[in-house]
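The values are calculated or read from the model by the stated rules, or taken from the named source; none is laboratory data. Just so we're clear, the structure is a prediction, and the values are computed from it rather than from any experiment. Cβ placement follows ideal geometry from the backbone for every residue including glycine, while neighbour counts extend to all protein chains displayed. Protein only, heavy atoms only, side chains kept; ligands, DNA and RNA dropped before computing areas. Shrake-Rupley method; radii C 1.70, N 1.55, O 1.52, S 1.80 Å.
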Amino acid sequence: MEMKSPEFLNASHDAMQDEHLQSMMKVLSTYMPEARTAAVSAVDNFDELRDYAVAMKNHTLEYLDEYTEQYEQQVRAKGGQVHHAKSAADLVRIVIDICKSVDGKKVVKGKSMIGEETGLNEALEEAGIDIIETDMGEYIVQLAHEPPSHILAPAIHKTKDQIIELFQENHHLGNRTLDTEQSIVSEARQVLRDRFLEADVGITGANCLVAETGTSMLVTNEGNGDLSSSLPKVHIVISGIEKLVPTLEDATALNRVLVRSATGQATSCYLSFHTGPRRPGDPSGPEQYHVILLDNGRRSLLGGKYQDMLRCIRCSACMNHCPIYRHVGGHSYGWVYPGPMGSVLTPLLTQLDQSKDLPNACTACGRCEEVCPMKIPLPHLLRNLRDDLGTQHLSPLSWRWAIAGLTRVFRSPRLYRWLTAFAAPVLKWASRQQKLLQSLPLVKGWAQGRTLPTPPGKTFLQQQKKK
């Protein structure tokens with residue numbers, strides 16, 4: 001996927017003018033948080049589950065090399081193969097090599113953010129390999145030639161009428177009526193059924209990888225993951241190295257906080273565990289089982305101030321509650337990962353100078369950290385990235401001067417009191433000059449979308465002293 005993070009401001013402005021998008025985001029921002037709240041409230045010990053998951057992931061990251069080695073040994077002992085991809089290009093090359101080794105021309109793929117991160121679909125198509133997404137949302141955006149706008153609901157930005165139009169343009173099934181959600185889903189099932197049966201290779205992601213057994217855990221609600229992994233003769237699992245957990249007990253503990261935070265369910269419709277290829281006597285399953293572990297910058301975060309981000313389980317709770325994401329949508333962020341987690345992860349996995357607007361796409365309300373099942377301090381990490389912008393001289397010069405000036409003021413109580421005493425009556429006067437505010441260079445962007453409340457004209461200290 002081409003990165004367009006430098007265009008965040010313009011893309012956000014366009015998104016807020018899109019009435020269709022705004023109506024769909026309104027539904028998301030109402031339903032998802034309510035569903036999560038209900039699911040979490042139904043569990044008496046959810047905070048204990050979170051604490052366990054956080055401690056377990058911290059432990060795994062501390063001993064990541066040991067658990068990676070154990071996992072690799074277990075996969076190989078059960079007849080599978082493990083490949084290590086240092087970069088996105090390495091992962092793509094490995095997948096293509098596996099497909100060519102079995103003369104694989106048709107691929108079915110379950111939803112995977114690693115696939116989006118590495119541009120896998122585009123690369124396979126360029127190599128002459130026919131690949132089709134089997135998750136309903138991913139299938140829709142593939143037909144539309146668009147990236148997903150949400151981690152769990154890739155086509156959340158699409159209306160029913162837009163989806164019907166896509167199906168009528170791409171499915172050559174003659175005259176029919178697609179006027180209900182059920183008819184749309186039934187048609188997708190009809191089209192995809194043959195693709196599952198024809199596929200040579202199936203690709204899935206993984207919600208976690210279990211070191212003690214060499215197992216990959218996959219959480220889905222549609223069953224497409226099971227079909228993609230069991231029907232083709234080759235199953236390829238693509239995953240980031242941070243998805244490792246020590247035991248099966250740890251994997252199920254992670255699932256308890258993942259699903260409730262993601263979709264508001266107690267558990268997903270399908271919870272699948274894959275451990276190697278078909279064994280003698282098995283009625284079904286792949287003949288070959290491959291796991292590709294992707295680094296792509298993740299190891300550089302180990303032991304540093306951004307290591308907490310490696311705990312992320314891609315549940316999307318942070319973006320569902322984020323006031324920025326809920327207004328601008330996922331495409332505005334310009335890369336694979338949107339919302340608060342994307343505002344942190346994109347600069348870390350790509351380049352800060354190519355995504356310097358994202359760390360500032362935050363109101364500092366703290367809701368993302370509050371609802372994160374892995375207790376990732378997202379606001380703190382965003383502030384760290386803002387500091388990095390300043391130290392690397394990537395933020396605008398006017399911003400750096402302003403921060404230096406504010407720092408000087410805040411360190412001098414006398415200067416602070418003098419300036420605020422001067423500013424208070426000026427702000428009171430300016431609040432009545434809305435047209436003037438909307439034309440001033442430094443504040444017009446803010447003033448065009450807001451009305452400055454009328455302040456009292458006196459500072460708090462002045463009013464307190466008078467009382």
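To the nearest 10, the accessible area of PHE460 is 150 Å² with a 1.4 Å probe.
Treat region 138-286 as a sphere of radius equal to its Kirkwood radius over Cα pairs and apply Stokes-Einstein at 4 °C in a medium of 1.567 mPa s; give the translational diffusion coefficient in µm²/s, rounded to a whole number. List each step's numbers first, then the result.
Details: Rh = 17.3 Å.
After rounding, the answer is 75 µm²/s.
Once you put a point 7 Å from the Cα of ARG189 and another 7 Å from the Cα of GLU287, both along the Cβ direction, what distance in nm separates them? Those two pseudo-labels are separated by 3.1 nm. Once C-alpha pairs closer than 8 Å and six or more residues apart are averaged by separation and normalised to the residue number of the chain, the relative contact order reads 20 percent.
Hey, what did region 187-346 get for relative contact order, percent, Cα under 8 Å, at least 6 apart?
Numbers: 248 pairs, mean separation 34.2, N = 160.
The value is 21 percent.
Taking every alpha-carbon pair under 8 Å whose residues sit at least 6 apart, region 311-467 reaches a relative contact order of 15 percent. The 3J(HN,Hα) values that the Karplus relation (6.51, -1.76, 1.60; θ = phi - 60°) gives for region 407-415 are, in residue order, 4, 4, 5, 5, 8, 10, x, 5, 5 Hz. Gly and Pro appear as x.
Placing a label point 7 Å from the Cα of ASP353 along the Cα-to-Cβ line, the residues of region 392-415 whose backbone N sits under 18 Å from it are 392-398, 400. Rolling a 1.4 Å probe over the protein heavy atoms leaves LEU143 with an accessible area of roughly 30 Å². The gain in end-to-end length when the LYS86 to LEU197 segment is fully stretched comes to 36.7 nm, 0.36 nm per residue minus the alpha carbon separation.
Computed FRET efficiency, Cβ-Cβ of ALA423 and LEU9, R0 35 Å: what is it to the nearest 0.05? So, using R0 = 35 Å, E works out to roughly 0.80. Relative to the Cα centre, the charge distribution of region 224-283, modelled as +1 at Lys and Arg Cβ and -1 at Asp and Glu Cβ, gives a dipole magnitude of about 120 debye.
Rounded to the nearest 10 square angstrom, LYS160 shows an accessible area of 80 square angstrom against a 1.4 Å probe.
With +1 on each Lys and Arg Cβ and -1 on each Asp and Glu Cβ, how big is the dipole of region 29-100 about its Cα centre, in debye rounded to the nearest 20? Intermediate values should be presented prior to the final figure.
Numbers: 8 positive and 12 negative charges, 102 e Å.
For region 29-100, the charge dipole is close to 500 debye.
So, with a 1.4 angstrom probe, what is the percent of accessible area on region 57-145 that is carbon and sulfur? The partial results should precede the final answer.
Numbers: 1780 of 3840 Å².
After summing per-atom areas, the C and S share lands at 46 percent.
Taking Rh as the Kirkwood radius, which is the inverse of the mean 1/r over Cα pairs, what is the Rg/Rh value for region 74-168? Numbers along the way, then the final one.
Working: Rg = 15.3 Å, Rh = 14.8 Å.
My calculation puts Rg/Rh at 1.04.
Karplus-based coupling profile of region 30-38, in residue order and whole Hz: 9, 5, 4, x, 5, 5, 4, 4, 5, with θ = phi - 60° in 6.51 cos²θ - 1.76 cosθ + 1.60 and x standing for Gly or Pro. Between LYS160 and ASN221, the contour length at 0.36 nm per residue exceeds the Cα-Cα span by 20.0 nm.
Taking the DSSP bridge list for region 148-281 and keeping only pairs wholly inside it, about 55 percent are antiparallel. Of interest is the spacing of the C-alpha centroids, which for region 59-80 and region 380-410 amounts to 42 Å. On a per residue basis, the convex hull of the C-alpha atoms belonging to the chain measures out at 180 Å³. Here the label points at VAL409 and GLN168, each 7 Å from Cα along the C-beta direction, are separated by 5.8 nm in the simple model. For the pair LYS435 and ARG299, a Förster radius of 45 Å applied to the C-beta separation gives a FRET efficiency near 0.25, rounded to the nearest 0.05. When the residues ILE114, ILE324 are ordered by accessible surface, computed with a 1.4 Å probe over the protein chains alone, the sequence from largest down reads ILE324, ILE114. Region 205-305 has equivalent-ellipsoid semi-axes of 24, 19, 12 Å, by the square roots of 5 times the alpha carbon gyration tensor eigenvalues, sorted largest first. Heavy-atom accessible area, probed at 1.4 angstrom with all protein chains present, ranks CYS318, CYS269 as CYS269, CYS318, highest first. Calculated FRET efficiency, THR451 and ARG400, Cβ-Cβ r, R0 25 Å, to nearest 0.05? The value I calculate is 0.30.
Of ASP226, ASP65, which has the most accessible area with a 1.4 Å probe, and how do the rest follow in descending order?
Details: ASP226 45, ASP65 95 Å².
Largest to smallest exposure gives the sequence ASP65, ASP226.
Between HIS380 and GLN182, the simple spin-label model (points 7 angstrom out along Cα→Cβ) gives 5.1 nm.
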